[in-house]
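Read-outs throughout are calculated quantities, based only on the coordinates presented, and are distinct from any laboratory measurement. This is a predicted model, so every value here is computed, not measured. Heads up, the Cβs are rebuilt from the backbone with ideal geometry, glycines too, and the neighbour counts pull from every protein chain shown.
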Amino acid sequence: MAANLPNLAGLPYTSGYAPSAQQLMQRISVGFTTQAINPLVAQSVPVVDLMFDPRSYEARNYSSDGLHPNDAGHGNVAAEFLKAINSSNYPTPQASCAQATLARR
């Protein structure tokens with residue numbers, strides 16, 4: 001079992017970054033998600049889709065540093081893992097989503 005990354009450009013941590021830095025964070029996280037994590041589905045590895053999950057972008061789910069999940073954020077991730085563990089047909093990650101293009105230009 002694996003989880004992909006949320007778009008780091010959409011996290012509270014990067015909200016004050018310059019657009020070029022947000023674009024870099026987006027390229028890293030979206031690239032890693034689409035090129036390294038999501039393809040694991042082809043090897044029958046369930047992938048929890050944090051990129052598409054809107055809760056991944058809610059500031060209330062992050063600690064004061066805006067990067068690491070707080071208890072509520074960890075609870076959301078744990079709940080998704082539990083769903084994946086208990087499901088024989090957990091959905092595959094979205095091929096594309098609006099969250100993959102959050103960086104300001």
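Per-residue 3J(HN,Hα) values for segment 28-33, derived from phi via the Karplus relation 6.51 cos²θ - 1.76 cosθ + 1.60 with θ = phi - 60°, read 5, 5, 5, x, 4, 4 Hz in sequence order (x marks Gly and Pro). Think of each Lys and Arg Cβ as +1 and each Asp and Glu Cβ as -1; about the Cα centre, that makes the dipole of segment 2-101 roughly 140 debye.
Note on the chain: helix-only mean residue ellipticity at 222 nm, from DSSP H runs of 4+ residues weighted -39500 (n - 2.57) and normalised by residue number, equals -9500 deg cm²/dmol. Overall, segment 16-73 carries a charge dipole of about 160 debye about its Cα centre when +1 sits on the Cβ of Lys and Arg and -1 on the Cβ of Asp and Glu, all other atoms neutral. Working ranking of peptides 68-75, 9-16 by packing, defined as the average number of other Cβ atoms within 10 Å per residue, highest first, is 9-16, 68-75. For Val48, the residues whose modelled amide H falls within less than 5 Å of its own, excluding neighbours fewer than 5 places apart on the same chain, are Ala2, Ala3, Asn4. Computing Rg and Dmax of the Cα atoms in Å for the structure here picks out one of (i) 14.9, 40; (ii) 20.8, 72; (iii) 13.7, 43, namely (iii). Sequence-ordered 3J(HN,Hα) estimates for segment 82-92 from the Karplus curve with 6.51, -1.76 and 1.60 and θ = phi - 60° stand at 4, 4, 5, 5, 8, 10, 8, 9, 4, x, 7 Hz, glycine and proline given as x.
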